[in-house]
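This report concerns only the one structure given below.
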């Protein structure tokens, strides 16, 4: 891939990330009707696939394991800085909502550590830790195993995520299964919101980086087919005798996310504001739940009874974009240089 095509590919990925960040806000503000839920849930899987794609696109060009490991450390460090920045900024809201230290300080610290490793501290933070641990896992596994084996491992790891989400009815089919699942979830929390869900997508991102993009028409048709099958899967569960408690994981999501990314990356798009869109999408993802809660709180205090979902969505989106632009403006000043860690 020449430099021009690589740049165009990056621009198309940045635009896709930005659109997916809007989907994330739409999901958490309940903007869309239930039958569209699985489509907007493509956002996080797409983030994972693209992260795996760009990570392994870089790693595969490095000559030796020392350089590759150094790049892994650099990526982990970047994501830890991102996590730390938003953990500190959002800590007043996080501690108010989750009340970690209502018991003892030690219990609170252990709970924080547990949530950092296998859940979330501030809301939406699980993605960052799932990405960190997922990259480490896939990186070292890829040194020993081929892509087929990695896919098999990814699927096996994805199964607990499915069972903790839309296929929970299988995990609690009888008393014995329910006991096992309860013991499992006490330790690993929700696998659909930690490293268990990231592995398969990062492996797919690795494969995408190595295989390259196919034809626009072919990938577009496959993407459309995956979307249709994803909605069919959701509707089958929705109208069946299954109580959907969490809509993060579907069998068709990895397929749909992979082919969507492959299709979009096949477009040669040049966008002058690509970098800004990428940074806004990251900041929007990290802060949107806190902003959403503030918007709802203000609406409630003003006793606005007809504060519909579309208004909440629009205000949350507007606020996150505005704050993101302010951060990007301020970080250019020496005094506020630390704001670069927000994205």
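The values are calculated or read from the model by the stated rules, or taken from the named source; none is laboratory data. Please read all numbers here as calculations on a predicted model, not as lab measurements. No Cβ is skipped: glycine too gets one built from the backbone with ideal geometry, and neighbour counts run over all protein chains shown.
So here's what we get for this one:
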item: Matching residues, segment 211-232, being at pLDDT 85 or above and in contact with a helix residue (DSSP H, G or I) (Cβ under 7 Å, 6 or more places away or on another chain); result: 222, 223, 226, 227, 230, 231
item: Segment 69-111 - residue that is farther than 24 Å from residue 282 by Cβ and surrounded by 16 or more Cβ atoms within 10 Å (Cβ to Cβ) and, of those, nearest to the chain's Cα centre (by Cα); result: 111
item: In segment 122-146, the residues that are surrounded by fewer than 15 Cβ atoms within 10 Å (Cβ to Cβ) and in contact (Cβ under 8 Å) with a residue 60 or more places away in the chain; result: 143
item: Where a residue in segment 110-121 is more than 17 Å from residue 86 (Cβ to Cβ) and its partner, wherever it lies, is modelled with pLDDT under 80 and not in a helix (DSSP H, G or I), with Cβ under 8 Å and at least six apart; result: 111/100; 114/189; 118/189
item: Residue selected from segment 156-173 under the condition exposed (fewer than 14 other Cβ atoms within 10 Å of the Cβ) and modelled with pLDDT of 80 or more, by the criterion farthest from the chain's Cα centre (by Cα); result: 170
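Residue by residue, here is whether (1) touching a strand residue (DSSP E or B) at 6+ places or on another chain (Cβ under 8 Å); (2) modelled with pLDDT of 95 or more; (3) not in a helix (DSSP H, G or I) holds:
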residue	(1), (2), (3)
246	no, no, yes
251	no, no, yes
260	no, no, no
268	no, no, yes
290	no, no, no
306	no, no, yes
315	no, no, no
326	no, yes, no
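Residue-wise test of (1) loosely packed, with under 11 Cβ neighbours inside 10 Å; (2) closer than 30 Å to residue 76 by Cβ; (3) in contact (Cβ under 8 Å) with a residue 12 or more places away in the chain; (4) within 20 Å of the chain's Cα centre (by Cα).
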{"residue": "284", "(1), (2), (3), (4)": "no, yes, yes, yes"}
{"residue": "301", "(1), (2), (3), (4)": "yes, no, no, no"}
{"residue": "312", "(1), (2), (3), (4)": "no, no, yes, no"}
{"residue": "335", "(1), (2), (3), (4)": "yes, yes, no, no"}
{"residue": "341", "(1), (2), (3), (4)": "no, yes, yes, yes"}
